[in-house]
Amino acid sequence: MLVTLVLWLNTISNSIAQILLAPVAWLPGWLSASLIASVTGIVMLFVFKQTSNQSALKRTRNQIKANLIALSLFKEELRVCLRVQLTLLAQAGRLLALSAVPILVMAVPMCLSLAQLSLWYQARPLACGEQAIVTVHLKPTNNEVLPEIELTPTSAVDVTMGPVRVPASNMICWKIEAISRGLHDLTFEWGEQIFTKELAISNSFLPVSRERPSSNPSSMLKYPRERPFAADSPVQSIQIEYPDRVSWTSGTKSWMAYWFFTSLIAAFVARPLLKVDF
Amino acid sequence: MTIHTVDQLIDNMSLAYIGPGAGFALAGTFLAVFGAIFSALTMFLFWPIRRLMRLILKRHPPRKPRFKRVVILGLDGLDHSLTTRLLDEGKLPNLAALRSQGSFHSLGSTLPPISPVAWSTFQTGVNPGKHNIFDFLSPDEKTYQPKLSSVEILSAARRRSVWPFNMTIKRPEIRMLRKSQPFWSILSKYGIFNCIIRVPITFPPEKLHGVQLSAMCVPDLRGTQGTFSQYTTRPKVGNQKTGGDVHYVQQTGNVIVGHLVGPPHPTHTDQGHLKQHFTVTFDDRDQATLAIDGAKFKLIPGEYTDWISVKFRAGWNLSIQGVCRFLLLSTQPIFDLYVTPINIDPEYPAMAIGYPPVYPIYLAKRQGPYATLGLAEDTWGLNEEVLNDEHFLQQCTDIDQERELMFFDSLDKVPTGLCVCVFDGTDRMQHMFWRYLDKEHPARPLHIPATFETAIEDLYVRMDELVGRTMAKCHDKDNVLMVLSDHGFNTFRRGIDLNRWLEENGFLVVNEELRDKDYLAGIDWTKTKAFAIGLTGIFINLRGKFSQGIVEPGIEADTIRDQIASQLGQLIDPQSGSQAIKRVYQATKVYRGPYKENAPDLIVGYASGYRVSWDAAVGRSSQQIFHDNRKAWSGDHCVDPSVVPGVLFCNHEILTESSRLLDIAPTILDLFGCPIPEYMDGKVLSVGSRQTGELIPKDDLVLAGGGVQ
């Protein structure tokens, strides 16, 4: 049930992202990262306004401010200050409770958005001539010998090493080398059965699916681009170790932090215009 | 960074971050929690040190304070005779309980018995000759134009505009004209905490140990003492409304466009006043929507909106904020909209209206916007028949509710020290509704709505309930609760045009063509020896004092004073045949102190039922001396002080026979063990113990009513 739901959500988010995030492919990384963060910040702020009890939030926030001022105005009275502090704690709890509804409403879209953004910024595609490790995770069985799965070289990719079988971890690894640019499919064959995994080769931006996941809702949310393997499939997941993208705005190590702060700043700037209390 | 670590990061951060709004809310929550814990720890750590420092460094009262807390509840204008009658009729059970716990006395007011003078005496413990407040208004010695007697605005705020920035070069310079010092300043010197809420003549706010919210003379955003606005589709008529502006608007389709008039432009004075546009759109026959400053509000006929924040922009980075309430009076066939004077927004005050400046902000954050205007209840709106009785009553009770919230918060926050709060709605409502109490009043309507038949009594009963709620909060034995008024009240049936009397008796000459002009503009100063303006007295046109003075100080002036005092004292109302004036007082004889020269030369003590006429109050001279008062403003207290004593209730016995407002300041100082300065004119009232045998259990107090619990 949950798997179907996530699958359904991923299908929708992939379709929307395909349109909305298309400009990322041709915009400079810093610009697309800034634009996306700003727009999502403002959209989230708007959603927050619509889903929260604004007047109650404003009242509570004002009460908190009043109590903080009271601490300085009436500081001579220890008992009064303690009472004010207790009230302050209660109001902080109330503020948290008032934020619960928007948090719940926004949690799912936010996870889906971050997963879509991670396709673009979490890693960069392989450059031509660059090598990467491909790992196939198999379903644990009682057999001590791993199945004879083959990765066929194509005109886009060459297999330079492998397969290396690790029975203890139920995985088989290959080293591949990128040959021509574009989004390609790696094809794995085991007897009659064929398993595929998307491979991105480019010198610029392409959506990079680092893993084709198993039918696990959490993995599916993290890696939304490819359809998950069925629960009874002998292959559970296939990973490609892409290189890191180096940039402080749209690079592997910092894109999310940059996105957080830019969206916060955008929301902060838009707050008086949208008249939002938080 | 490995893929594994990044995945974890995505997991953690996406769970923690759910959008900027909620993110800020969460951050705010944690900040508040950390703030509370941090401040609690800091307080615990430093409290003993602070306490020790206070013990060592601060001045302490030479005697041990007799009580931990003194609470003074001021009910402006609560009349002694009426209170006594209602007490006897059993209609004021809480005040009766207070009387049985302690005492009830009449409280001698000041000469003249009007609020600015009386509350100045209350707070300073001196006669007007020492505190310099003799009336609401006094004539300017150069121009004869009336000016506020308690506040002088020496310079407006100076701002320099270097596009796109606007900088405040100099803050507005506002000077308090009340001299001497309030007794809470003395208490402050001895480290006693004070909470002073809306005591008249506390603007501009003065430094004290504690908190203070200013009252009388706090202007509206336009700088006036309260200018209401009326927007109407009625045909234009010539006459101006006193205390308000009428804007003639046109209806286009179902929309009416208007603008609020705000403060003068702070940087480009030639551009006049700042404005804020608004539209009123009729939704159906009985409702409309007000759109102002990007927000929308429902307008329902006869119902006030809440306080609406209005921003007047003078540049992209400079705005002045006010608050006002809208009241849709009618939609069809005539559109009529009333807007209260635009009060200084307490949350973003354009000038200091309290001490410390953050105190009004604290109150606004705590309880929402509130009326900050000195005379907050719009008596002119009712007097000019823009508002009706219900509207005015609603305004008064709303303001009382706001005040009660502030007052009860102070009672919760100040367990030790002095709490003073003045409710002035009592004064305003008695001014406007006395015609329902006085069956002989010329302004009494033929048919009185049932709600207003007992309007004044109902007011006293409401105040009694407030007293009950206050008593419940001052139940401890070491709390002194005083309920007092600055003066009483009386009917105002007939107005006496002092200028006309002076004219008929040869002391004043009027230029006939300018007779209708306000503010003494019609007076021929070359021939005028005495004139009247304001509510209380007569000024001699002294040479050397006034720019066009013709009377020599000394013998000539004394002779004129004597003549006027004796002749005016004999004035008989031809309609009733009774004496209209009890006594005429000479300032030089009744006041003591360095400022008595600033007083009107003669203070008129009117007999019951009389007061200065509306014309004379604004410096006009009409065609006759006596006028029936047909205005809603039907009760007054600008009479001889003996006619309108105030009240003094205390939950402790007061043994002194006769109490005066003048005595309150030294009495409070004495209760806190502080020395009484020699300059004070009042005497310490002997405050005994509480009648413990008759201590009313908290639960037995009558706490009914819509007050704030």
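Flag not set for A:Leu31, criterion: open to solvent by 10 Å² or more (accessible area, probe 1.4 Å), within 14 Å of another protein chain (Cβ to nearest Cβ) and in a helix (DSSP H, G or I).
Scan segment B:604-638 for residues that are within 23 Å of the chain's Cα centre (by Cα) and either in a strand (DSSP E or B) or among the acidic types (Asp, Glu) (or both) and the total you get is 4. Restricting the search to segment A:241-278, which residues are among the acidic types (Asp, Glu) and either more than 10 Å from chain B (Cβ to nearest Cβ) or surrounded by 19 or more Cβ atoms within 10 Å (Cβ to Cβ) (or both)? Correct list: A:Asp277 only. From the list B:Val510, B:Val480, B:Val461, the one residue that fits, being touching a Phe, Trp or Tyr at 6+ places or on another chain (Cβ under 8 Å) and either in contact (Cβ under 8 Å) with a residue 24 or more places away in the chain or among the basic types (Lys, Arg) (or both), is B:Val480.
When you look at B:Val461, is it of a type in the set (Val, Ile, Thr) and buried (at least 24 other Cβ atoms within 10 Å of the Cβ), yes or no? Reasoning before the result, please.
Numbers: of a type in the set (Val, Ile, Thr): yes; buried (at least 24 other Cβ atoms within 10 Å of the Cβ): no.
It is false that B:Val461 is of a type in the set (Val, Ile, Thr) and buried (at least 24 other Cβ atoms within 10 Å of the Cβ).
A:Asn203 meets the conditions (1) within 26 Å of A:Ala107 (Cβ to Cβ); (2) open to solvent by 50 Å² or more (accessible area, probe 1.4 Å); (3) outside any helix (DSSP H, G or I) in every case but one. The failed one is (1). Restricting attention to segment A:113-156, the residues that are within 14 Å of chain B (Cβ to nearest Cβ) and out of contact with any strand residue (DSSP E or B) (no Cβ under 7 Å at 6 or more places or on another chain) total 12.
Checked against (1) surrounded by fewer than 20 Cβ atoms within 10 Å (Cβ to Cβ); (2) at the interface with chain B (Cβ under 10 Å from one of its Cβ atoms), A:Ser99 passes all but a single condition, namely (1).
Within segment A:214-233, the residues that satisfy the criterion of being small (Gly, Ala, Ser), away from every other protein chain (no Cβ under 13 Å) and farther than 19 Å from A:Asp185 by Cα are A:Ser215, A:Ala231.
So for segment A:186-209 (the condition being within 14 Å of chain B (Cβ to nearest Cβ), within 30 Å of A:Leu2 (Cα to Cα) and not small (Gly, Ala, Ser)), does at least one residue qualify? Step through it out loud before you land on a result.
First pass over segment A:186-209, keeping only residues within 14 Å of chain B (Cβ to nearest Cβ): A:208-209.
Still in the list and also within 30 Å of A:Leu2 (Cα to Cα): A:208-209.
This time we only want the ones that are not small (Gly, Ala, Ser), so: A:208.
Yes, that holds for at least one residue.
Quickly run through segment A:64-73 and pick out the residues that are out of contact with any strand residue (DSSP E or B) (no Cβ under 9 Å at 6 or more places or on another chain) and facing chain B (nearest Cβ under 7 Å).
We begin by selecting, within segment A:64-73, every residue out of contact with any strand residue (DSSP E or B) (no Cβ under 9 Å at 6 or more places or on another chain); these are A:64-72.
Hits for segment A:64-73 are A:Ile64, A:Lys65, A:Ala66, A:Leu68, A:Ile69, A:Ala70, A:Leu71.
Considering B:Val280, B:Val358, which residue is within 30 Å of A:Leu68 (Cβ to Cβ), at pLDDT 90 or above and either open to solvent by less than 60 Å² (accessible area, probe 1.4 Å) or among the hydrophobic types (A, V, I, L, M, F, W, C) (or both)? Before the answer, list the steps.
Values: B:Val280 fails: within 30 Å of A:Leu68 (Cβ to Cβ).
Going through B:Val280, B:Val358 in turn, just one is within 30 Å of A:Leu68 (Cβ to Cβ), at pLDDT 90 or above and either open to solvent by less than 60 Å² (accessible area, probe 1.4 Å) or among the hydrophobic types (A, V, I, L, M, F, W, C) (or both): B:Val358.
Inspect all residues belonging to segment B:292-302 and state whether any of them is under 27 Å from B:Asp518 (Cβ atoms) and touching a Leu at 6+ places or on another chain (Cβ under 8 Å). No; the residues of segment B:292-302 include none that is under 27 Å from B:Asp518 (Cβ atoms) and touching a Leu at 6+ places or on another chain (Cβ under 8 Å).
Going through B:Asp306, B:Asp286 one at a time, which residue ends up being open to solvent by 50 Å² or more (accessible area, probe 1.4 Å), part of a loop (DSSP other than H, G, I, E, B), in contact (Cβ under 8 Å) with a residue 12 or more places away in the chain and closer than 28 Å to A:Arg61 by Cβ?
Working: B:Asp286 fails: closer than 28 Å to A:Arg61 by Cβ.
None of the others qualify; the one that does is B:Asp306.
Yes or no: A:Ser209 crowded, with 20+ Cβ neighbours inside 10 Å and part of a loop (DSSP other than H, G, I, E, B)? Criteria met by A:Ser209.
Within segment A:217-229, work out how many residues are part of a loop (DSSP other than H, G, I, E, B) and surrounded by 17 or more Cβ atoms within 10 Å (Cβ to Cβ).
The initial filter retains those residues of segment A:217-229 that are part of a loop (DSSP other than H, G, I, E, B), namely A:223-229.
Next, from what is left, pick out any that are surrounded by 17 or more Cβ atoms within 10 Å (Cβ to Cβ): A:223-226, A:228-229.
Selection size over segment A:217-229: 6.
Restricted to segment B:307-350, and to residues there that are among the β-branched types (Val, Ile, Thr) and within 23 Å of the chain's Cα centre (by Cα), the residue that is nearest to B:Asp378 (Cα to Cα) is B:Thr340.
In this structure, is A:Glu76 assigned to a loop (DSSP other than H, G, I, E, B), within 7 Å of chain B (Cβ to nearest Cβ) and either surrounded by fewer than 18 Cβ atoms within 10 Å (Cβ to Cβ) or without any contact (Cβ under 8 Å) to a residue 24 or more places away in the chain (or both)? So that I can check it myself, show each step before the final result.
Numbers: assigned to a loop (DSSP other than H, G, I, E, B): yes; within 7 Å of chain B (Cβ to nearest Cβ): yes; either surrounded by fewer than 18 Cβ atoms within 10 Å (Cβ to Cβ) or without any contact (Cβ under 8 Å) to a residue 24 or more places away in the chain (or both): yes.
So A:Glu76 fits the description; yes.
The values are calculated or read from the model by the stated rules, or taken from the named source; none is laboratory data. Everything quoted here is computed from the prediction, not taken from an experiment. Please note: Cβ atoms are built from the backbone with ideal geometry, for glycine as well, and neighbour counts cover all protein chains shown. Side chains included, ligands, DNA and RNA excluded: accessible areas come from the protein's heavy atoms. Shrake-Rupley method; radii C 1.70, N 1.55, O 1.52, S 1.80 Å.
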